[in-house]
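Q: Before we start, here is the structure in question, set down as structure tokens.
Just so you know, all these numbers are worked out from the coordinates, no wet-lab data involved. This one's a predicted model, so the numbers in the text were calculated from it and none came from an experiment. Cβ sites come from the backbone with ideal geometry, for glycine too, and all protein chains shown count toward neighbours.
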Amino acid sequence: MRATQGFALVTILLLATVMLIVVVSILHSSQLSLRIAALGQQQLINRQQAWAEHQLQLSAGIAAPAAELDPRWCPARFAAWEGQQLQCGRQMVWSETATPLFTERVGSIQLTIALDEDIFHD
């Protein structure tokens, strides 16, 4: 074997090794991208399920209030006809859905408005 043939063989082997490393890294990043996409899709499905469960709990009246909010703030007080005859209550209501990978919490503000009973006694 001549020296030029040995040099060419070493050059081809080095080039093949570099190409192999490039191809393996591209395949690895592609596999990671697929895993990330699958986890993102699973998280989106869990979020939709948590939202649907929260809506179901709110409509059934079984959602437990998590915190009582400041009762002085009432959106009905901005109405021109309101005066002081409305009583407002606001509560934060949370629903939680847990899976081994994700925990989704969905919350909403539950607003209750009632007429003051004194206006009926006048």
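Q: Mind listing the long-range amide H neighbours of THR99? Cut-off is under 5 Å, sequence gap 5 or more, other chains count too, H placed in the peptide plane at 1.01 Å from N.
A: It is GLU104, by chain and number.
Q: Decide, for the stretch 1-59, between rounded, prolate and oblate: order the square roots of the alpha carbon gyration tensor eigenvalues as a ≥ b ≥ c, take rounded if a/c falls under 1.5, and otherwise choose prolate if a/b is larger than b/c, else oblate. Don't skip to the end; give the middle numbers.
A: Values: a/c = 15.52, a/b = 14.11, b/c = 1.10.
In terms of gyration-tensor shape, prolate.
Q: Oh, and also: What order do you get for 4-14, 100-110, 44-54 when each peptide is scored by the mean count of other beta carbon atoms within 10 Å, highest first?
A: Numbers: 4-14: 9.9, 100-110: 13.0, 44-54: 15.0.
Top of the packing list down: 44-54, 100-110, 4-14.
Q: Taking other Cβ within 10 Å of each residue's Cβ, how do MET92, MET19 sort, fewest first? Provide the component values of the computation, followed by the final result.
A: Numbers: MET92 13, MET19 10.
Fewest-to-most Cβ neighbours within 10 Å comes out as MET19, MET92.
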